[in-house]
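Have a look at the structure below, then the notes.
Every read-out reported here was derived from the displayed coordinates using simple, explicitly stated rules and does not represent laboratory data. Small disclaimer: the values here were computed from a predicted structure and weren't measured. Cβ placement follows ideal geometry from the backbone for every residue including glycine, while neighbour counts extend to all protein chains displayed.
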Amino acid sequence: MDLSLTQDDIKFRDEVRAFLKDAVPPDMKRSQALTTGFSSEPEVAAGFHKSLVKKGWSVPSWPRQYGGTEWTPVQSYIFDTECARAGAPIYNGAGQRMVGPVLLKYGTDAQKQKYLPGIVSGDDHWAQGYSEPGSGSDLASLKTRAISDGDDYIVNGQKIWTTFGHKSNRLFALVRTSTEGKRQEGISFILLEMNTPGITVRPIVGNGGDHEFNEVFFDNVRVPKSGRIGEENKGWEVAKYLLEFERGGALQAGRVRAQFTKLVKLVQARCPDDQAVISKLAELGTDLDAMEMIDISTLSALQSGANPGPVSSLLKLRWSQLRQDISELAVDAIGADALKFIPERPLFESLQLPPDEEEMLTQTPRYLNFRAYTILGGTSEIQTGILAKAMLGL
């Protein structure tokens, strides 16, 4: 494997760095650094998205005819890595990386014309309606019903862990349109507007004090069938395709490397002579190096136009664990100061302290939030089962 960049890649990297220097001003970088949840606040990410729109880079993984750049996988990897190094917000994840690819593959021309421009411009913010109480890892057991009524569905049920559902104007969801046959055969994939009558959103505040997740209730919600993606009762195929992108389609080495770099600086400042911490730090660095190599090897499949496939589960499994391990060691490094906790959110609005003190106050809520990494997006146990079946034939 040739790990060196070509001259064209180096030129592109330099272009990205020059762009990010202007597109990520200090206040935006601070806001992102003080974000202790999983995603950037939409208000913070919106400013970055506007700069990307002007540059023509807001949906780089898409075909050019729909606003994409047609970058090579290596260029996309460079871009993601440089964004992480620059402290740029995570933007438009559910739109660009999840429902967008679904629309490109399964959507009708009318659906593409209706939904894709809002993702490109950033005018639409999408939320995901997959999990339900009792139907998380066993997603096929979902119970939210969509009953046919002429040109519409009447939807009743509940979704949970809906990220930024309170700040989203659109949602993609899995609903049960049939109870006949296998559970997977009665599921459909629909798109709906969050301001539709009958939708109620209730907050879920996480252990770390952040309000990212929500419960979403549907009480006789009328959804046009024109918003169904793919055939009725065939939504499971669409759902599996989307999950490849949620779990591993976006290579994460850049973000985790940036998290690790902050940890190194924290250890140097707080406990440079603690041999137990130094030893663990070295172990994590080795694990990160190994995972970066797997990320890079995945570029080969993407370069040929293939989907991530089962390796998505491997990436999801290990990156989740690494993120947890890094956040845990950060709390160990700051010791008793980890007991200091600021409940107000967002921290970039509630804090006015020296940068080092502000960074220290992010560690405990980040540690608490990151305990969920091995659950959300598919539990580690489920990923292990997928790998055992797909790669080992067990």
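In table form, for the structure just shown:
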read-out	value
Angle between the chain longest axis and helix 355-370 axis [Cα atoms, degrees, rounded to 10]	40
Built amide H within the under 5 Å cut-off of G129, gap 5+	F172, A173, L174
Karplus-derived HN-Hα couplings along the range 164-175 (A = 6.51, B = -1.76, C = 1.60, θ = phi - 60°), whole Hz, x at Gly and Pro	6, x, 6, 10, 9, 9, 9, 9, 9, 8, 9, 9
DSSP-assigned coil residues among GluC sites (Glu not before Pro) in the range 170-211, each with at most 16 further Cβ atoms within 10 Å	E180
Rel. contact order, % - alpha carbon contacts under 8 angstrom, at least six apart, the range 1-87	33
Lysines with Cα under 25 Å of K262, excluding same-chain neighbours fewer than 8 positions away	K21, K29, K280, K316, K340
Computed lengthening from S4 to A140, 0.36 nm per intervening residue step minus Cα-Cα distance	44.6 nm
Helical mean residue ellipticity (222 nm; -39500 (n - 2.57) per DSSP H run of 4+; nearest 500) of the chain	-15500 deg cm²/dmol
Efficiency of FRET from Cβ geometry, T179 and D14, R₀ 45 Å, rounded to 0.05	0.20
Integer Hz, Karplus 6.51/-1.76/1.60 couplings in order for the range 23-37, x for Gly and Pro	7, 10, x, x, 5, 5, 4, 5, 4, 5, 5, 9, 7, 9, x
